[in-house]
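Single-structure report; data block below.
The values are calculated or read from the model by the stated rules, or taken from the named source; none is laboratory data. This is a predicted model, so every value here is computed, not measured. Cβ sites come from the backbone with ideal geometry, for glycine too, and all protein chains shown count toward neighbours. Note: accessible area is taken over every heavy atom of the protein model, side chains too, but ligands, DNA and RNA are not part of it. Shrake-Rupley method; radii C 1.70, N 1.55, O 1.52, S 1.80 Å.
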Amino acid sequence: MEINRANNYFSKVLKAVKVSKNLAHISITTLEKKVETIHNVLEKLINYEVNMANYERKKFLYTYDSILLKIGTSLGLIIVGLLIILFYVFESIQKDQTRLEIAAKKLKLVNKKLENASYTDSLTNLHNRRYFNFIYEREVKRAKRNKAYITFMMLDIDYFKQYNDTYGHLAGDEALKSVAKVLKETLKRPGDYVFRLGGEEFGVLMSDTSETNSANIAREICNAVRGLEIKHEASKVHEYLTLSIGVVCCVADEALDEDVLISRSDEMLYEAKEAGRDRYIITSNASKAKIA
């Protein structure tokens, strides 16, 4: 409104100047008031625009901050949710991994037990013939590489058939267990292997044991079995259960035939039985049999 009035006034002044070229009749006071009026109006307009701009700015900043807060909150919730999910996923994976490791250990243990069972005589818990076939060639080859002593013993319970006929098979099984215990207690080194080859027949494989020491071990076994004092009324040798042992001991070299140890120990066992049983006979590749 004030702008329009001032504008009309200045239009009149402009017309008067154009017509009369004389500004004397124009009131300076009125002119100053009109100018001041316009100035005040413009100042108000400028302040209004500034205030509106500040208001809009604050409103924008508020809206911006609100949006940022919502976005930040949403992202925070999403991240927390993801972390929770990842925690449970990794925990589940860890549990599965632990279960798998436990299962693998159990499986390994079961496999080991199965392997041991396949190589173990169920009655005496000694190595069986299958394990003998597995270990024999390996030990002979190792002795050859080291040019070391190798000893094989063939052991047989004297008149065991007659023992079973007299006391029964259950007593016979107990006698086999007792003999096996003597062998395990006598032969304790890691390189000593004891086998139940079948029936009442046992085998012993030793490394790094001289002929003298092998003979001493065979004698100790005979004495220990006799010392069990297991009654054997049907024996033609002794009132107690006894053993006959055939022993072969030699230094292994490339010329050694692996089958010689077995065949020669079997021959020595036969000679021990022919010589009266309850004894051992030991030989080597280079010497004749020695009766003990």
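Can you find even one residue in segment 206-226 that is open to solvent by 20 Å² or more (accessible area, probe 1.4 Å) and among the β-branched types (Val, Ile, Thr)?
So the first thing to find is which residues in segment 206-226 are open to solvent by 20 Å² or more (accessible area, probe 1.4 Å), and the list is 208, 210-213, 216-217, 219-220, 223-224, 226.
So of that shortlist, the ones also among the β-branched types (Val, Ile, Thr) come out as 212, 217.
Yes, because at least one residue in segment 206-226 is open to solvent by 20 Å² or more (accessible area, probe 1.4 Å) and among the β-branched types (Val, Ile, Thr).
For segment 147-186, which positions are among the polar types (S, T, N, Q), open to solvent by 10 Å² or more (accessible area, probe 1.4 Å) and touching a residue at least 40 places away in the same chain (Cβ under 8 Å)?
Gln162, Thr166, Ser178
Somewhere in segment 107-118, is a residue of a type in the set (Gly, Ala, Ser), within 35 Å of the chain's Cα centre (by Cα), modelled with pLDDT of 85 or more and part of a helix (DSSP H, G or I)?
no
Would you check which residues across segment 128-170 are in contact with a Lys or Arg (Cβ under 7 Å, 6 or more places away or on another chain) and either of a type outside the set (Asp, Glu) or under 15 Å from Val194 (Cα atoms) (or both) and list them?
Applying the first criterion (in contact with a Lys or Arg (Cβ under 7 Å, 6 or more places away or on another chain)) to segment 128-170 yields 128, 158-159.
Answer for segment 128-170, where residues must be in contact with a Lys or Arg (Cβ under 7 Å, 6 or more places away or on another chain) and either of a type outside the set (Asp, Glu) or under 15 Å from Val194 (Cα atoms) (or both): Asn128, Tyr159.
A quick yes/no check of all residues on (1) assigned to a helix (DSSP H, G or I); (2) farther than 30 Å from Ile135 by Cα; (3) within 28 Å of the chain's Cα centre (by Cα); (4) at pLDDT 80 or above:
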residue	(1), (2), (3), (4)
Lys15	yes, yes, no, no
Asn54	yes, yes, no, yes
Phe60	yes, yes, no, yes
Glu91	yes, yes, yes, yes
Thr98	yes, yes, yes, yes
Ala104	yes, no, yes, no
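Condition test on Arg189, is it at pLDDT below 95, within 30 Å of His238 (Cβ to Cβ) and either surrounded by 11 or more Cβ atoms within 10 Å (Cβ to Cβ) or over 28 Å from the mean Cα position of the chain (by Cα) (or both)?
yes
For segment 119-132, enumerate the residues that are at pLDDT 90 or above and in contact with a strand residue (DSSP E or B) (Cβ under 8 Å, 6 or more places away or on another chain).
Once the filter is applied, which keeps residues that are at pLDDT 90 or above and in contact with a strand residue (DSSP E or B) (Cβ under 8 Å, 6 or more places away or on another chain), segment 119-132 yields Thr120, Asp121, Leu123, Thr124, Leu126, His127, Asn128, Arg129, Tyr131, Phe132.
Hey, among the residues in segment 216-268 that are assigned to a helix (DSSP H, G or I) and of a type in the set (Gly, Ala, Ser), which one's farthest from Ala175 (Cα to Cα)?
Among those that are assigned to a helix (DSSP H, G or I) and of a type in the set (Gly, Ala, Ser), it is Ser263.
Select, from Arg219, Arg226, Arg279, the only residue that is over 49 Å from the mean Cα position of the chain (by Cα), at pLDDT 95 or above and closer than 18 Å to Asp158 by Cβ.
Step by step, each of Arg219, Arg226, Arg279 is checked, and only Arg279 is over 49 Å from the mean Cα position of the chain (by Cα), at pLDDT 95 or above and closer than 18 Å to Asp158 by Cβ.
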